[in-house]
Each structure stands twice: as C-alpha cells, then as structure tokens.
Amino acid sequence: MELGLRETKKLQTQREIWETAIRMFVERDFDDVSVAEIAAAVQVSRKTVFNYFATKEDIVVSPMEAHVEDPAVVVRERAPGETAVAALRRDYLDLLARRDASVGLSDAPHVLAVMRLILSTPTLTTRAYAFHERARELLARELAVQSGHDDVTARVAAAQIVSTRAALAGENLRRLLGGESSDAVYPDAVADAERAFDLLEHGLGDYCACTEGAA
C-alpha cells in the first residue's frame with residue numbers, strides 16, 4: 001500500500017534526524033552532542049526530535065530494536081514439521097547471504113559507523129545488551145507457547161539460541177571493523193554458522209518441532 005504524503009513526509013523527517021544525528025555523533029562523540037543541536041541542524045524543534053525518538057540513545061539503536069522480535073517471528077512462522085533450530089538456522093544463513101546488518105555482515109559505511117559508535121559508548125553498549133535480552137525474552141515466550149514446555153525450558157533454549165546468534169554476529173562484525181570486506185568474511189561466516197547451529201541441533205534437535213496444523 002502506498003504511503004500518503006503526510007506519512008512519507010514523516011518518514012523523511014525521521015530519516016533526516018537519524019542521518020544528521022549519526023553524522024554529528026561520529027564527528028564529535030555521542031556524549032558531546034545534544035538533542036537541541038541535532039534539532040537545530042535538521043531545522044526542527046527539540047520536541048519534534050523526541051516525537052520520533054524517545055531518547056538520544058534511541059536515535060542510534062532504533063534500527064536494531066526494530067528487529068528485536070525477529071527470532072520469535074521466525075519460530076512462529078516456520079513450516080509444519082520444521083524445528084525451531086532448523087528454522088532459525090535457515091533464517092540466519094539467508095541473512096548472511098543478504099549481507100544483513102543484523103548478523104554483522106553489512107560493510108555499508110553507515111552501518112559500520114553506527115556499530116563503532118555503539119561499541120565505543122557505554123550507554124549505547126548497555127542498550128545493545130538490553131536488545132539481546134529482550135530478543136531472548138520474546139523468543140522464550142514463543143517457544144513456551146509453541147512447544148508446551150515449561151517456561152524454564154523455554155528460557156534455557158532461547159538463551160542458547162540468542163547467545164549463539166550474538167556470538168556469530170559479533171565475530172563477523174569484528175572482522176569487518178578490522179578492515180575485511182563482507183564478501184571475504186562470508187564463506188567463514190557460513191561455516192561458523194553451520195558449526196554453531198549443529199551444536200544447537202545436537203542439544204535441541206527435536207525440541208519444539210512443529211506438527212501439522214499447529215498454531
């Protein structure tokens with residue numbers, strides 16, 4: 001469905017605020033840039049910035065947090081007969097093939113700039129950690145519903161899955177920030193993912209298998 005003029009304008013303003021803020025943070029350091037300065041650079045009010053982003057930290061991490069439910073959605077929408085681990089493996093490998101930022105394999109300059117910013121700013125690093133915790137919580141809820149297992153079992157499974165994804169993405173990102181290209185890292189990233197998901201499969205192989213007609 002096509003967006004109306006008003007919605008398009010709002011998205012453009014949000015994008016302009018984000019791009020301007022990231023540029024200023026990279027140039028001067030996150031803690032040295034105020035929301036008022038960002039608003040002035042975009043020629044909007046400080047209130048307008050907060051209409052789009054609840055906090056200054058949200059400006060940086062909002063693209064990441066838009067995907068916090070992705071692992072849970074993958075499990076929820078998997079094919080009948082497909083296990084949770086198999087679905088998440090398939091999804092992760094697809095994201096690698098697409099050089100997606102969520103698996104640490106995008107070498108787009110603006111993505112790397114944001115990741116350097118997050119890793120070098122304690123408040124943003126804390127928010128990134130909170131993102132992984134929220135993703136784990138949402139996945140655990142979905143696993144509990146889908147499997148019928150108790151909440152503790154679901155939390156254990158979700159912790160293993162989210163930690164595995166984070167470790168894989170972290171290694172990919174480390175290499176990109178070290179100067180390698182996404183194409184150079186890709187073959188190793190696939191091999192690492194296959195080994196890691198094999199480990200998950202060994203421990204969680206038929207856990208949460210989806211049966212025909214399951215919700």
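The values are calculated or read from the model by the stated rules, or taken from the named source; none is laboratory data. Note that this is a predicted model, so its numbers are computed, not measured. FYI the Cβ positions are ideal-geometry reconstructions off the backbone, even for glycines, and counts take in every protein chain you see. Each accessible area value is taken on the protein alone, full model and side chains, heavy atoms only, with ligands, DNA and RNA left out. Shrake-Rupley method; radii C 1.70, N 1.55, O 1.52, S 1.80 Å.
Here are the numbers for the structure shown:
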| quantity | calculated |
| --- | --- |
| Subset of segment 143-161 (residues that are of a type in the set (V, I, T), open to solvent by less than 70 Å² (accessible area, probe 1.4 Å) and farther than 26 Å from V114 by Cβ) | T153 |
| Qualifying position, being closer than 19 Å to A196 by Cα and outside any loop (DSSP other than H, G, I, E, B), among R99, R89, R15, R23 | R89 |
| Subset tally (residues that are buried (at least 19 other Cβ atoms within 10 Å of the Cβ) and among the hydroxyl-bearing types (S, T, Y)) for segment 162-181 | 1 |
| Complete set of residues in segment 93-114 that are of a type in the set (V, I, T) and either open to solvent by 40 Å² or more (accessible area, probe 1.4 Å) or at pLDDT 95 or above (or both) | V103 |
| Scan of segment 115-125 for residues that are out of contact with any Leu (no Cβ under 9 Å at 6 or more places or on another chain), more than 17 Å from A21 (Cβ to Cβ) and surrounded by 13 or more Cβ atoms within 10 Å (Cβ to Cβ), ordered by number | none |
| Subset tally (residues that are of a type in the set (D, E, K, R) and buried (at least 19 other Cβ atoms within 10 Å of the Cβ)) for segment 77-90 | 2 |
| Which listed residue, of V74, V44, V33, is surrounded by 15 or more Cβ atoms within 10 Å (Cβ to Cβ), on the phi < 0 side of the Ramachandran plot and within 16 Å of the chain's Cα centre (by Cα) | V74 |
